[in-house]
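The values are calculated or read from the model by the stated rules, or taken from the named source; none is laboratory data. Given the structure is predicted, the values throughout are model-derived calculations rather than measurements. Note that we place each Cβ from the backbone using ideal geometry, even for glycine, and neighbour counts take in every protein chain shown. Protein only, heavy atoms only, side chains kept; ligands, DNA and RNA dropped before computing areas. Shrake-Rupley method; radii C 1.70, N 1.55, O 1.52, S 1.80 Å.
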Amino acid sequence: MAVRYAPAEIESRWQAHWQAESLDSTPIDDPERDTFYALSMFPYPSGTLHMGHVRNYVITDVIARLQRLRGRHVLQPMGWDAFGLPAENAAIERGVDPGDWTERNIDQMRRQLQRLGLSIDWDRELATCHPDYYRWTQWLFLQFLEAGLAYRKEASVNWDPVDQTVLANEQVDSDGRSWRSGAIVEKRKLCQWFLRITAYADALLDDLDQLDGWPERVRTMQANWIGRSVGAELAFPVIDPAGQPTGASITVFTTRPDTVYGVSYLVLAPDHPLVASLTADDQQDTVQAFGAAVNRQSDQERTAEDKPKRGVPLGTFGRNPFNGERIPLWIADYVLAEYGSGAVMGVPAHDQRDFVFARQYELPVRQVIVPEGADEHAYEGGAWTEPGVLIHSGPFDGLPSGQAKQAIVALAEREGWGKERVQFRLRDWLISRQRYWGCPIPVIHCDSCGVVPVPDAQLPVELPRHLAFSGKGASPLAQLSDWVNVPCPSCGQPARRETDTMDTFICSSWYYLRFSDPHNTALPFSREEADRWLPVDQYVGGIEHAILHLLYSRFFTKVLRDRGLLSFDEPFRRLLTQGMVQALTYKNPRSGQYIAPAEVGDPADPRDPINGERLEVFFEKMSKSKHNGVEPGVVIDRYGADTARMFILFKAPPEKDLEWDDADVEGQYRFLQRIWRLVDGAVGRGLNLAGLPPGNAGEPDSGSGALSAADQELRRAAHTAIAAISDDLADGHYQFNTAVAELMKLSNVMGSLVEAASEPVALEAFGILLVLLSPFAPHLAEELWQRLGGKASVHRQAWPSADAAALVQATIPLVIQVKGKVRGNLEVPADADAATLEQLALGSEIARKWLDGQPPRRVIVVPGKLVNLVP
RNA sequence: GGGGGCAUGGCGGAACCGGUAGACGCAGCGGACUUAAAAUCCGCAGGCCGCAAGGCUGUGGGGGUUCAAGUCCCCCUGCCCCCA
C-alpha cells in the first residue's frame, strides 16, 4: 500500500532514533583506524540560525558522512563562539544578563541546528564562555606570557567609539571602520596587552606553501597581510644651525635605498618620541597642535595615496650621510609611528605620497632614477616608482636599481650609517578589550611586584555574573571593588585584577584543539588526543575569516607546537570557503529603499507599493535589512531538512555564491518524492534487501549467468553513478552539485528499468542508490533503506565501489569528424583497435558523403572516442 | 595603481589530461490521464534557414597554435574580490 512521503514525521523519528543509538558519537575504539576530523567554523550564538550557517554545516556534514561510509573514524563536533558584544548590548538595552542571554540563544540555535539532521557528536559541544573552557584560554594566555609572547605596552591604538573598546589592526577595514560596529576608528594612546605574532611572521608566511589544501586566494591574502618587505634602515644625523652634528640621529626604514640621493626632506610620525626634542622653539606650538589634529584621523585616512598629505616643519635639519646635503625635518600625517621606525626619508621623485607632499609644501623634487632606456621622466602625473637606472647618485650612477640597493646598503654598513632590514606589515596583535563579556585576562597588578600571573590553582578567573550595565565608561568589571581588589599572589600586599578582557578571537584560536579532548580537566587537551585527530582534515567556513581567525589560529598552533603541547604546526589541512547565500532583492533605485518580496505585486513587473515606481531586481546576500532572508525553519517545516540539504548542495558548487530560488527547492522536493515512489513501488512488489549479501550494497551476485539487456543497462547505470559520484567527492574537491546530478540520472534510469530488471539486479541498484544518497538526504535514505528491509542503518554501510565489469559496453558510438567538424556517429565494438576504427570510419556512409571519393590526407584516431578524417 | 579570479542557452550550472558544448535541474512548450485543475507520466527545446532530410552558426570581443580550442598562448572589454 502506497504511503506518501512525509518528511516531517520521518525526520523527527530518525533524529530521535539516531540519538538514542548514539549513531553520531565519535568512535574511540580501534586506534589503528584512519581518522577524519570534519569541522565547521563555529557560530556566534545570535539565537537565530540563518541560511549561511545551514550551507556551512550541511557541506561539512556531507563530508563527515561520506568519510564514515569510507570506513574512517570521524569527529564532527559543534560549539559556540559565545563571548562578544551582542550579549553585552542586550544587557544594556534590555537589562538581561549576558550569560543568561547567551545560554538561551545557544539552546535555541542548537534546536534549530538539530533539525538539519547533522551527524554531530553533541557530547563534545563546548561554549567559549563556560568557565571550564575559558579556564584553559586563560591557561594558554599564561603560556604566552611565560614565553615572552604576551606583553603590555603603551601604544596608539584603534579605538571604536561605538563599541567603546580597542580593536586589533585586522579588525579595522580598509575604510578605517570597525569590523563589528562600522564606526570610524579613532586613535588613542593606551597601555594594552599584545601578543607577539610578529615573532612568527616568517613562519606564518613561509608555511603558507605547505597549505596546498587551501584556496590560493586565501593564501595570497594572508601573504599580503603579513607583507614581508626587504629594505634598509638608514640613520640620518641631526645637525645644529652651524651644521655640526648634535649627536642625535633619525633612523628611517626604506624599501628603496637606491633612491637615497633623491632625499629632499625627512618625515617623522607626529607621535615619534624624538619630535619634542627636535622641534625648534618657535615651532613648538604649531607642532603640538598638528599632532593633536592628526590623532583624530584613522590610519587609512592618513596613508591613502589619493588623500591630501599634511605636515609641518620642525624648523631643524638633518644631513644625508651619502652626499652631505642639509635636509629639513618635518612631521606629517602620512607617517605612522607604529610602522617601521616611525620615520621615512622623503623622496618625492620616486614615491607617490612623498610626491604629493612635496608639491603641497614646495619641497624640491630631484630625480635619481630614470626608466631603463629613457633620459628623464615627466612628473606631471606623479612619481616614477618603478626600478630603473641611477643618476645624480655619485658613485652609483649608471647602476640598475637592484644592484644599487645592494651597493648602497653595503656602503651604509661599512660606514655605520645603516643596515639591511626585513620589515613586516603585520603588527603585534592587540588583544585587550575594555568590555565585560569576554575572557578575563588572568593577571594581577601589584605595586611592588608588577604584573603577576594568576597562579594555575586559582584558574579560572571567573567572570562575575548578574551585574548592572550602563553601557557608559569603563567596563563594569572595573567598578566591582570586591572583584578587583585582591592580594598579590606573590607578596600578599593589596593588588588589583586586570579588568580588561581578551579579544574573542583568542577564544576561537584554539577551540578546534579542545574538541579533540573536550572534558579534560587537567589540560586544555592532551597531546595524544590532539595528535590523534588533528590537524583538521577538512575545515569549512566563510571567506570573511581569510585573514583574522585563520591567521590567529595558525599563530596559536605554532606557539603551542613550540611549547611542546602539539606535534604539528598547521591546524587546518584543507580549507573550503563556501560562498554566500543570496536571494532576490527588490530595491527602489530612486529612494534606495528595499522592499519585501511579498509587497512588490507581480514579480515580473515589481513596483514600489507606496508610489508604484519600478523596482530594481537583483541577487544579494540575505539580510534582514534587505527583506530578502529565507528562514531555515520555514523551509524545513514545508519541505523537510532533506530537501533543504539537497537544494543547497545541488544549486551551486560549494565555493560559489548560491542564489536561493523557491522553484528550485520545489524541484528538489519533487526529486525526493520520485525516489520515495520508486522505492515504495519496489517494496510493494515484495523486494527485500535482506536477500543481498550482508553489509555490502555494491557487490551483487554478478557473474552468475547471462544478464538480460535491462539488467545490464541497470547495472551499468548504478555502477556509473558510483564511479562518477566517488570522483565528484574525492578528498579535497567536493562537487556536490554534480554528485546530486548523478543521483538524479541514476534514479531516472531506475524509473524506467527496475520493473524490467531481475530482482537481484534491481535490489543491487536500490542498495547503491540509497547508500549514495545517504550523505545528502540522510533521513529519507534511512527510511527507505529500512522499508526495503535493509539491515542496520544505511549510515553504517560501506561506500560501494564500482564494478569494472558492469561498466563494460559491447559497442560505443564513435564520433566521425571531417576536418575537425563532427559529421556523425558510428556504433563500433568498444575494444576495436585504431586500425579497425580507421577502416570502419573510411568505409562509413559519412566518409562517402563528405570526402568526395578522395582518400583523406590524414586520419587521426583516438580509440574509444573519435576518428578525424582530414581531406 | 598592484595582485588574484570570473565571463557558457531564458535562468542556476555541466564538460577528465585539448576530442560529440550545453549533463542535471528550474522556467517554458506540446501530449497523456482528469468533468476540470493540481499532482503524475511521456515528449520537445542554443540560435538561424528548411515541410523535412539536412545545412550554417554558436562558450564576452579580436587574433594565434593545433587534425581538433569553452579548455592552450597574445591583445581588448566588462564584472567580482583582496591590497593600496
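Numbers at a glance
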item: Failed criterion for A:Asn868 (all others in (1) at pLDDT 80 or above; (2) open to solvent by 40 Å² or more (accessible area, probe 1.4 Å) hold); result: (2)
item: A:Pro43 within 26 Å of the chain's Cα centre (by Cα) and buried (at least 24 other Cβ atoms within 10 Å of the Cβ); result: no
item: Residues of segment A:1-34 satisfying the condition of being β-branched (Val, Ile, Thr) and either over 31 Å from the mean Cα position of the chain (by Cα) or open to solvent by 30 Å² or more (accessible area, probe 1.4 Å) (or both); result: A:Val3, A:Ile10, A:Ile28
item: Residues satisfying the stated conditions in segment A:379-429, i.e. open to solvent by less than 50 Å² (accessible area, probe 1.4 Å), under 42 Å from the mean Cα position of the chain (by Cα) and closer than 30 Å to A:Arg196 by Cβ; result: A:Val409, A:Gly418, A:Gln423, A:Phe424, A:Leu426, A:Asp428, A:Trp429
item: Residues (within 10 Å of RNA strand B (Cβ to nearest atom) and open to solvent by 50 Å² or more (accessible area, probe 1.4 Å)) located in segment A:846-865; result: A:Lys849, A:Trp850, A:Arg857, A:Arg858, A:Ile860, A:Val862, A:Lys865
item: Filter result (over 30 Å from A:Gly450 (Cβ atoms) and basic (Lys, Arg)) within segment A:116-154; result: A:Arg124
item: Pick from segment A:800-827, criterion within 23 Å of A:Asp852 (Cα to Cα) and surrounded by fewer than 12 Cβ atoms within 10 Å (Cβ to Cβ), ranking: farthest from RNA strand B (Cβ to nearest atom); result: A:Glu827
item: Complete set of residues in segment A:524-547 that are open to solvent by 20 Å² or more (accessible area, probe 1.4 Å), touching a residue at least 60 places away in the same chain (Cβ under 8 Å) and either within 16 Å of RNA strand B (Cβ to nearest atom) or within 20 Å of A:Leu149 (Cβ to Cβ) (or both); result: A:Ile543, A:His545, A:Ile547
item: Condition check for A:Gly227: in contact with a Phe, Trp or Tyr (Cβ under 9 Å, 6 or more places away or on another chain) and within 15 Å of RNA strand B (Cβ to nearest atom); result: yes
item: A:Val617 vs. criteria part of a strand (DSSP E or B) and β-branched (Val, Ile, Thr); result: yes
item: Pairs, first of a type in the set (D, E, K, R) in segment A:766-793, second in a helix (DSSP H, G or I), C-beta under 7 Å, six or more apart; result: A:Glu782/A:Trp14; A:Glu782/A:Val794; A:Glu782/A:His795; A:Glu783/A:Ile10; A:Glu783/A:Trp14; A:Arg787/A:Val679; A:Arg787/A:Val683; A:Lys791/A:Ala690
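Yes or no, residue by residue, for (1) part of a helix (DSSP H, G or I); (2) open to solvent by 40 Å² or more (accessible area, probe 1.4 Å); (3) assigned by TED's automatic domain parsing to the domain that holds A:His779:
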| position | (1), (2), (3) |
| --- | --- |
| A:Asp637 | yes, yes, no |
| A:Arg645 | yes, no, no |
| A:Glu666 | yes, yes, yes |
| A:Leu672 | yes, no, yes |
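Every residue, every condition in (1) more than 30 Å from A:Leu459 (Cβ to Cβ); (2) among the acidic types (Asp, Glu); (3) not in a helix (DSSP H, G or I), yes or no:
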{"position": "A:Leu113", "(1), (2), (3)": "yes, no, no"}
{"position": "A:Leu118", "(1), (2), (3)": "yes, no, yes"}
{"position": "A:Cys129", "(1), (2), (3)": "no, no, yes"}
{"position": "A:Tyr134", "(1), (2), (3)": "no, no, no"}
{"position": "A:Leu140", "(1), (2), (3)": "no, no, no"}
{"position": "A:Arg152", "(1), (2), (3)": "no, no, yes"}
{"position": "A:Val157", "(1), (2), (3)": "no, no, yes"}
{"position": "A:Gly182", "(1), (2), (3)": "yes, no, yes"}
